[in-house]
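Novice: Below you'll find the structure I mean.
Derivation of every value follows stated rules applied to the coordinates shown; laboratory data play no part. These numbers come from a predicted model, not from an experiment. Cβ placement follows ideal geometry from the backbone for every residue including glycine, while neighbour counts extend to all protein chains displayed.
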Amino acid sequence: MSYFRPISISLSPNVEKDDLKLALNLIIRPWLWVKGKAVEELENKFKKYLGVKYAFSFNSGRSSFFAILKSLNLPDGSEVASQAFTCNAVPNPVLWADLKPCYIDCNKDDFNMDADDLKAKITVKTRVVVVQHTFGLPCDMDKIRAVCSEYPGIVLIEDCAHSLGAEFKGEKVGAHNKAAFFSFSRDKIISSVYGGMATTNDPILGKKLEELQKEFGQPSNFWIFQQLLHPILLSYIILPIYNLLDLGKIFLVLSQWFHILSKAVSWQEKQGKRPDYFPKALPNALAVLALNQFNKLEKFNSFVLPPKISDRKNVFLRFTVKCKDANEIIYKAWHKQNILLGDWYTTTVAPFDTNMEEIRYIPGSCKNAEDLARITLNLPTHINISKKDAERIVEFMLDNV
């Protein structure tokens, strides 16, 4: 049966036996889904780990980002600058908050925001700059801070969805600017299928985030059930028969079609719209899953890979390589070798079927990002990749790149 289980990069990659046991225990104890002590414990551990004063959990990274934007009380139409070569989970909360996304190009070497392009595109309406630490590679914060310092009143927010545990000049990312948000979704460094955290050292912002967390309320019990069921079905049914006459793939698609399982990105989000389960607070059951994963963070981040830069500590959510025929290689790996390589990002704003007009991306405005979208693919670096798996991946890449 192991022949049919793919080497995967995105289908809940960091789930282990103890995580499955927790999910199974929780799914039959609905009285623990909403109420419990796990949320407070997770938030306290997060504050201690990052060294921040305030941390408030939400049901996704995008809910966390949306809460930060709402807490800032910005005038409608204010510009929020964030990089291209990203997911629509970044510009969407900007649109939901009645603000205007402005896309900044990225560097081709570390996939992070280009400070020169940021400086060129800042306007009098720019109120927020969002710095993404792409794939767990910390951005050069000195350059970004230098640009922002020339424009008083700009709020600097860190997008740490990929980078929990990464450091820049000995400081953990997400700990030393106005605010930051993290993601615990199904394919992040730690996963509760859905989940996120907003952090800050600002007491006024912290108070507003606390108020919004209460105002947003809890997601429905059915939504919580969907998330708890996700690692169970993936591990026991979908992955073991993934390529057995395509039964696993079919089961996954049908499960999402009939709303037994949730999708990572809804059809509404691909059109710039907000589904009704965002924004919400993080329910207790998912906080239990996130806590268990958080306690294994050091193990998850134990990979030592290039590039190694003296002033940065990288974490490797994914290991991204550049090659001319990236899309063809992804397709060939999947259909001929049962290896699901990552496609972050095959378009400047992912997923590939995102409506670029609706999320306000102007084609040609971020040349580097558009070039990278054609030539990048990701190799899996998660805890469930065995030495044998790694050897298969390396052999495949050597034969095809």
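Novice: When a/c reaches 1.5 or more, the comparison of a/b and b/c decides; with that in mind, is region 261-401 rounded, prolate or oblate per its Cα gyration tensor?
Specialist: On the way: a/c = 1.62, a/b = 1.08, b/c = 1.50.
Oblate, because a/c is 1.5 or more while a/b does not exceed b/c.
Novice: So what are the ³J(HN,Hα) numbers for region 177-187, from phi and the Karplus equation (6.51, -1.76, 1.60; θ = phi - 60°), rounded to whole Hz, Gly and Pro as x?
Specialist: Coupling constants for region 177-187: 10, 4, 7, 8, 9, 10, 10, 10, 6, 4, 10 Hz.
Novice: Dimensions of the chain along principal axes (Cα, Å, largest first)?
Specialist: The Cα atoms of the chain stretch 60, 52, 40 Å along the principal axes, largest first.
Novice: Sticking with this structure for a sec: Greater than 21 Å separation of Cα atoms is the criterion. Which listed pairs, Lys100/Lys273; Lys119/Lys270; Lys178/Lys270; Lys143/Lys178, meet it? Could the numbers behind the result be given before it?
Specialist: Values: Lys100/Lys273 14 Å; Lys119/Lys270 29 Å; Lys178/Lys270 29 Å; Lys143/Lys178 16 Å.
Those over the limit are Lys119/Lys270; Lys178/Lys270.
Novice: In a GNM of the chain with a 10 Å cut-off on Cα contacts, which of Thr123, Thr199, Thr320 has the highest mean-square fluctuation?
Specialist: Thr123
Novice: Rank Phe251, Phe278, Phe294 by mean-square fluctuation in a GNM of the chain with C-alpha springs under 10 angstrom and give only the top-ranked residue.
Specialist: Largest GNM mean-square fluctuation: Phe251.
Novice: Let me ask something additional. Sort Lys169, Lys299, Lys119 so that the residue with the fewest other Cβ atoms within 10 Å of its own Cβ comes first and the one with the most comes last.
Specialist: By the 10 Å Cβ count, ascending, the order reads Lys299, Lys169, Lys119.
Novice: Among the listed pairs Lys17/Lys280; Lys108/Lys188; Lys37/Lys188, which have their C-alpha atoms separated by more than 25 angstrom in this model?
Specialist: Over 25 Å apart, Cα to Cα: Lys17/Lys280.
Novice: Pairs of alpha-carbon atoms within less than 8 angstrom and 6+ residues apart define the contacts here; what relative contact order does the chain have, in percent?
Specialist: Rounded, it is 26 percent for the chain.
Novice: Turning to a different aspect of this structure: Could you go through region 279-285 in sequence order and give the Karplus-derived ³J(HN,Hα) for each residue, using 6.51 cos²θ - 1.76 cosθ + 1.60 with θ = phi - 60°, rounded to whole Hz, and x for Gly and Pro?
Specialist: 3J(HN,Hα) across region 279-285, in whole Hz: x, 9, 6, 7, x, 4, 4.
Novice: Counting only residues 5 or more places away or on other chains, whose amide H sits under 5 Å from the amide H of Phe168 once H atoms are built in the peptide plane?
Specialist: The list, which skips near neighbours in sequence, is Val173, Lys313.
Novice: In what order do His259, His162, His382, His230 fall by count of nearby beta-carbon atoms within 10 Å, going from fewest to most?
Specialist: Taking fewest neighbouring Cβ atoms as first place, the list is His259, His382, His230, His162.
Novice: Here is a further query. Using all C-alpha to C-alpha distances in region 82-229, build P(r) with 5 Å bins and read off the rounded percent in each one.
Specialist: Using 5 Å bins, I get a P(r) of 2, 9, 17, 21, 21, 15, 8, 4, 2, 0 for region 82-229.
Novice: Follow-up question, since we're still on this one. Just tell me which aspartates and glutamates come within less than 20 Å, Cα to Cα, of Lys313; anything on the same chain fewer than 8 places away is out.
Specialist: Hits, sequence-local ones excluded: Asp109, Asp110, Asp114, Asp140, Asp142, Glu158, Asp159, Glu167, Glu171, Glu298.
Novice: Set Lys and Arg Cβ to +1 and Asp and Glu Cβ to -1, take the dipole of the chain about its Cα centre, and tell me which of Leu228, Leu379, Asn107 lies farthest positive.
Specialist: With unit charges placed on the Cβ atoms, the residue in question is Leu228.
Novice: Which of the aspartates and glutamates could a cross-linker span from Lys121 if the Cα-Cα distance has to be under 16 Å and same-chain partners fewer than 8 positions apart are dropped?
Specialist: Qualifying aspartates and glutamates at Cα under 16 Å: Glu79, Asp105, Glu150.
Novice: What residue among Ser163, Ser78, Ser183 shows peak mean-square fluctuation when the chain is described by a Gaussian network model with Cα springs under 10 Å?
Specialist: Of Ser163, Ser78, Ser183, the most mobile in the Gaussian network model is Ser78.
Novice: Based on the alpha carbon coordinates of region 31-137, what radius of gyration and maximum Cα-Cα distance (Dmax) apply, in Å?
Specialist: That works out to 16.2, 53 Å for Rg and Dmax.
Novice: Fewest Cβ neighbours within 10 Å first, please rank Met356, Met141, Met113, Met197 accordingly.
Specialist: Working: Met356 14, Met141 23, Met113 30, Met197 26.
Final ranking by Cβ density, sparse to dense: Met356, Met141, Met197, Met113.
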